[in-house]
Every structure is written in C-alpha cells, then in structure tokens.
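Below is one structure; the comments refer to it alone.
The values are calculated or read from the model by the stated rules, or taken from the named source; none is laboratory data. These numbers were taken from a predicted model, which means no experiment stands behind them. Positions of Cβ are backbone-derived with ideal geometry, glycine not excepted, and every protein chain shown enters the neighbour counts.
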C-alpha cells in the first residue's frame, strides 16, 4: 500500500477540491474484467489531516450526490448535501477530522464516467464506458486514499448507495476502516428497488434525445426522460405520511380544480420541479451507470451467499442506522446487516429513528440522529486517540 | 327515472356486448360544466335479467380494466379480468345475477373518450375531450341503467378505481343500490398516489410521439412513454414481498451478470414485458384522462368535507375489503370508509385479507376473499329475494 505524502494534502486546513488522473499504467481493474485507464477522481476535503494521519473521515455519497458534501455546490449554488452533518462543531466535525468526499466513478462531477473522454476514440465514452459496480467505486476510492497517503480511515460513513460503499469498504479493506457508519442502506438491492431503477432507465432510454447514449455527439440531451426518472425515484425517497403532511390534496396556486392537465395539486408541481432542476446538475448516462451499480450490489454473493462471511474477523466498530418510514431501505434491511455483523462477532450498535421523513431522512434535520451519530463518532475518536480541536 | 324495457336486454341469457349512443339532445353534464354529446357507452352483460329486474349486478372496472370482466378479451385473447370471480357458480354467479360491466367514459374500448370523434371537428377528440371525474363516470353508468330499464342494482362491486365508483354510486344514487362492495379502494386519492399518476402522465407527455395529444392525426403513437407509465404503475400494484418471492435477484436467462444494460434480472424483464404488452391494448390519452379522474376523486369534498355525510341515511348494505400488503390503497383507507359508514349508521362489514399479493390481490386467486364475498353476496341475495338458479 502506498504511503507517500501527497504535497497537495499535507497540513492543509479548510476546504479544498482536487482532481487527480492516474496514469494509463495504473488502471482500475473492474469487476467486469475491463480496465479503466486513465482513471480520474475528483474529490473535496474539509479540515486538516493530523500529523499521524489518523483522523481521515471518508464520506460516501448517494446515487445523485457528489463530492460537495459541505460548502457550496458549484452548479446549484446551494449548500452541500450534508451541510447539517459536516462542518465545524457538527457531528462530523471538520475542526477535528479530515473529511474526504470523492465523486464516484461513473459520476458526472469530475471523476471518470460516461461523460469522460474515451482515450481510444477521443470522444465521450457514452455507453462505451464500462459497467461498474459498487466494489469498483470503492476500489477507486482506495486508490485515492493511497494517492493521498492515508493508510487507515478513522471512519467511513454514507447513506443509501453511500451506505453500500461503507459496507463494501468494511468487507474489502477491513484493516483500513476503524469505524463504519452505514445509514439507510442494505447489503443487497431488493427486487422492488431494481424495478424502480429499471423504470428510470427505461424513461431515459425512451427519450429520443438519448440517442443510444450518444447525445453529446448528436448535440441532444434527454432532459425529459431524465426528469421522469427523477420524479419516479423522488417518490421513493419520501414517505406517504410525509407527502400527506407536506402536500395532502392541496391545490397549487388556484382555488378550484382546473379540469385540465396542469399541475393542479401541489404534489404535482413539486415533483415537476424536482425533475426539472435535477437535469441541470446531472447526466443521464451517469444515472444509468450508477443505478446499475446499485442493482448489482449483493455483498453476500462474493462470500458464498453468507453475509456474515463478509465481516469475518472485523475489528471495525459499526453503527447501523435506519428510519421507521424508509420504505426504499427499510429497517429490516438494516437488521440483516446487524445480524450478519453479530454472527461475525463484530462490534456493532444499531439505531432505528422514528420519523415520517422516509428514506431522505438521512439528509434532513433529525435531531436524534445528529445526537446519536455525534455520540458514536466521539466515542470512536476517543478510542482512536483523536483529540478534540474545538 | 326511465324504466323503459330495452329490447336488446330483455330476457337475454349468456353473454352479450352492446354499444349505445345517446343522441345529442341527451348529453352527459360533467362536473367541469361541459356537456358531452353524443355520449356512447360500451358494455358487456353476462347472465339473464330476471322478471322483476331485481338481479342486476354492476361491476366497475379499474384504471386499465374494461368491460371484459369475464369471457374472452377481444384484443388480448385472454380471459376477462375477473374471470375467477364472475361466472356460473362463481361468487358473482352469472346463473343467478345479470352482470353488467361498462367501459368508463374516458376509456378506449368503445365508450366515449379521447379516441372518439369530436362532433365539432370530425376528428378524434384527443385533448379536446373534456376532463372527467369519477362522478361523471358514474353518471354515465346511471344513464346506461336507465337505458336498460334497470331502476335498482342488486349490487355494485369494484376494486381500486372501481371501488371509487362503488362509493360514488352509494353516495349519488343511494336508493338504486341494494348492496355495495368497494374493494382495495379509498374515498379520496392520496398525495402519493397522485404523485405516481403524475409520473405516468409526464412519461407519456415526454414522448415526442404524443404530439400534444394529437398523435392520431399525426400518425404517431407514444408507445414508449405509455410503457414507462405502465411500468412505474405496475410496481405500485404489487408488494415488495411479492416481488421478492416471485423474482428476488434471479437473473433472466443467464448465469452471470452481463455488465450491460440488458434486462439482467427477471424483475426487469417482467416489467419491460408489462410495459410492452400494455400499449397494445390501451390508449395513452385515455391513461391521462382516467388517472386524472382518480386524482380528482375526493368524495367527502362534495359533502362539506365530512365523509359520513356522503352516506347519510344509507340503506345500502356494504362490505368493505382491503388487503394487508396493498400499499397503494392500504387498509387505513378502507377503515376510513368504514368509520364514515358507521358514523352514518349504515349497514357495513369490513374484511382485511392477509396476503403478500399487494393491490392486485383483488384480481388474483385469494380463496378467503372468494369465500367471504360469496357469503356477503349470497346473504344479500336472500335479503333481496333473489332465488338461486344453480
């Protein structure tokens, strides 16, 4: 394992964003058997790596997330997607930890993905980009850590697909992970979740502007298809109770039904807005690749079908988190992870939070979650000998 | 109320299919204030109307259903959608009852809908067809019954949107309904259900072959958009448990992942098939109109927001049915109907069936349901004085 000290990250405080391209002779070998080279990874850091390099905190993003976990998002101008969790004095305290968040491979914000240039053709990869897996994404993250000279992570945390990365990290590189925080996730993608992803993919592919994935060359953009995919997915991120509480059957800017196909109801208007704004910051082919990676995720499959084997001998301390109203990654999936960790004799705690906010609860203001995660992280930091810088 | 004896239906046994066009001077006045004329209704009957016209059994179909409740569907060649329930000796016994099932207005199998000819233009209505409501659909059904010379229905039954019709019948024409069987339904459409419908509509409208609804004139057909709409909806008709039981993560006709965007998983292949076969038998504009009607449904809204008022003084005997794994019309919605009926002092029984088959359970083989519905119907028939013809 590389332990070189990368000049860009030594003793740097505050916020930084970097991109590194590994040369063609350092390819990423993929589960498909293909090799991805050159490999580019884009990432952000927050805080300062301490002298003994023990305070690195990797955050893994969800399907439509990116490396802008805190700070300001360069495309939307909005706060990073976990600004409530990551920052000075927050549960993931950037005064104390060196936070790293990298765009997944297959993504569209700087890391190698279908929008990257295919070195063999000189044009965008499009669908010639190889199909990747969650394990491939994690392999790329490990290459980044090698590049940064970080041998061991104090903690890996993430929700949804990010939680899959956390589990894969613990399974693939147990000695490199001191603490792990998989949130609102599962050790394998369910049939229903695959089904919803397939609807999204078909919506994109049905858009003639998708052009077989070659829309960049054709000067088109499957915005409508991607918006429909986002709308369908967005429903699954919320709960029926939250939709009822937020919108119910309230009408949008009108006193009576229109008897037309306008967005009469607030929930329609909200969904259309979600679809339309999403396409400004996301690439349709990336959506195909990343949903596919999630569908392929089945951690136990690499261990003879026995999930506990994935965590055999694990010294990592785990905190598994779920939410009562999350029907995309319900508590039963979190419990399966916990059972496997217990069977493997691992150090694990499990918390289910009562909320009507659905799957997206992990991104939202759930005070009990902040308190619990702060407790878990602080205790792990003490065990790891990381002092407070507050 | 008309009580004329229509020659086509007097003393007819077996199965029959009819279409009637009401003349332009007998328009259907819609909730929107518009008038639909001429109005055409297409329907099927099974069994024989008895001498005192007391054995008429109206079955109301769901969103993508039609009048082919039994017998053979003329487009698909498959058995009617409720062949397990409707037929000689079955719970809805065609030896005993005169079963009527009419295509809803807005539909695409013979009743007036967006595929009909707009008399003002001589071309297909397309989006110039007026937006209709569940109450409008039921008004049209009542006109059909007048036309058939049937004053009182022995029973009205239906699942999903058909259950909405049942509730609307009981509220609009209480004196015409002896027994009512609303199944897997709700007295108003939820925010989540509106959201899923809006995804379907946007998928259709995103298809350039939709052409603003004018695809008939343009010689196009938004098959891809309609297929995506169907795929998304189809997931909501099943349960996570049923999808897991039927498909799990099983691969389709292959031993290993393809690392492509083919339908690797059986659940993907199944969904694609559902989408592709649906477009052969359904019209995209009809899908827009009928989903809109369901979204608009809020029975209490017509009664000062108090659902019980809708059933005030009801003499109809009700049996409300729900299924444990139905997350589209969950049991809590059925219970709201029951509470309102109880508050109105109505005669109501309530049954929740334990099944993992989801919303579609009402169409499937659930023996306990058959047994219970047979019991309710037989008891009501005795009370109505309808003899057995078996």
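Would you mind stating whether residue B:263 is outside any strand (DSSP E or B) and more than 10 Å from chain A (Cβ to nearest Cβ)? Criteria not met by residue B:263. Selection of region A:334-386 for residues being touching a residue at least 40 places away in the same chain (Cβ under 8 Å), in contact with a helix residue (DSSP H, G or I) (Cβ under 9 Å, 6 or more places away or on another chain) and assigned to a loop (DSSP other than H, G, I, E, B) yields A:356, A:357, A:358, A:386.
Go over the candidates B:264, B:253 one by one and state the one that is in contact with a strand residue (DSSP E or B) (Cβ under 7 Å, 6 or more places away or on another chain) and without any contact (Cβ under 8 Å) to a residue 60 or more places away in the chain.
B:264
Just a yes or no: is a residue in region A:142-153 surrounded by 24 or more Cβ atoms within 10 Å (Cβ to Cβ), within 15 Å of the chain's Cα centre (by Cα) and not assigned by TED's automatic domain parsing to the domain that holds residue A:286? Within region A:142-153, not a single residue is surrounded by 24 or more Cβ atoms within 10 Å (Cβ to Cβ), within 15 Å of the chain's Cα centre (by Cα) and not assigned by TED's automatic domain parsing to the domain that holds residue A:286.
Taking region A:209-228 as the range and being more than 18 Å from residue A:63 (Cα to Cα) and either within 11 Å of chain B (Cβ to nearest Cβ) or within 19 Å of the chain's Cα centre (by Cα) (or both) as the test, the residues that pass are A:209, A:210, A:212, A:213, A:222, A:224.
The condition of being modelled with pLDDT of 95 or more, in contact with a strand residue (DSSP E or B) (Cβ under 7 Å, 6 or more places away or on another chain) and surrounded by fewer than 22 Cβ atoms within 10 Å (Cβ to Cβ) holds for only one of B:176, B:135, B:223, that being B:176.
If you filter region A:184-208 down to residues that are facing another protein chain (nearest Cβ under 7 Å) and touching a strand residue (DSSP E or B) at 6+ places or on another chain (Cβ under 6 Å), you find that the one that is surrounded by the fewest Cβ atoms within 10 Å (Cβ to Cβ) is A:188.
Kindly indicate the residue of region B:296-311 that is in a helix (DSSP H, G or I) and in contact with a strand residue (DSSP E or B) (Cβ under 7 Å, 6 or more places away or on another chain) and also nearest to residue B:202 (Cα to Cα) among those meeting that condition.
B:299
Residues in region B:309-332 that are farther than 13 Å from residue B:174 by Cα and surrounded by 23 or more Cβ atoms within 10 Å (Cβ to Cβ): 8 in all. Taking the listed residues B:122, B:113, the one that is assigned by TED's automatic domain parsing to the domain that holds residue B:38 and in contact (Cβ under 8 Å) with a residue 12 or more places away in the chain is B:113, with no other qualifying.
In region B:10-101, which strands (runs of 3 or more DSSP E) lie fully inside it and hold 1 or more residues that are closer than 22 Å to residue B:176 by Cβ and at pLDDT below 95?
Correct list: B:15-22.
Using the structure shown, decide if residue B:258 is over 30 Å from residue A:264 (Cβ atoms) and surrounded by fewer than 16 Cβ atoms within 10 Å (Cβ to Cβ). Yes.
I want to confirm something. Restricting to region B:229-254 and keeping residues that are closer than 25 Å to residue A:128 by Cβ and exposed (fewer than 15 other Cβ atoms within 10 Å of the Cβ), which single residue is farthest from the other protein chains (Cβ to nearest Cβ)? If we take residues in region B:229-254 being closer than 25 Å to residue A:128 by Cβ and exposed (fewer than 15 other Cβ atoms within 10 Å of the Cβ), then B:253 is farthest from the other protein chains (Cβ to nearest Cβ). Residue A:218 falls short on exactly one of the conditions (1) buried (at least 21 other Cβ atoms within 10 Å of the Cβ); (2) not assigned by TED's automatic domain parsing to the domain that holds residue A:155, and that condition is (1). Criterion first (buried (at least 24 other Cβ atoms within 10 Å of the Cβ) and either assigned by TED's automatic domain parsing to the domain that holds residue B:134 or in contact with a helix residue (DSSP H, G or I) (Cβ under 7 Å, 6 or more places away or on another chain) (or both)) does residue B:51 satisfy it? In short, no. The numbered conditions (1) touching a helix residue (DSSP H, G or I) at 6+ places or on another chain (Cβ under 6 Å); (2) assigned to a loop (DSSP other than H, G, I, E, B); (3) away from chain A (no Cβ under 14 Å) are all true for residue B:315 except (1).
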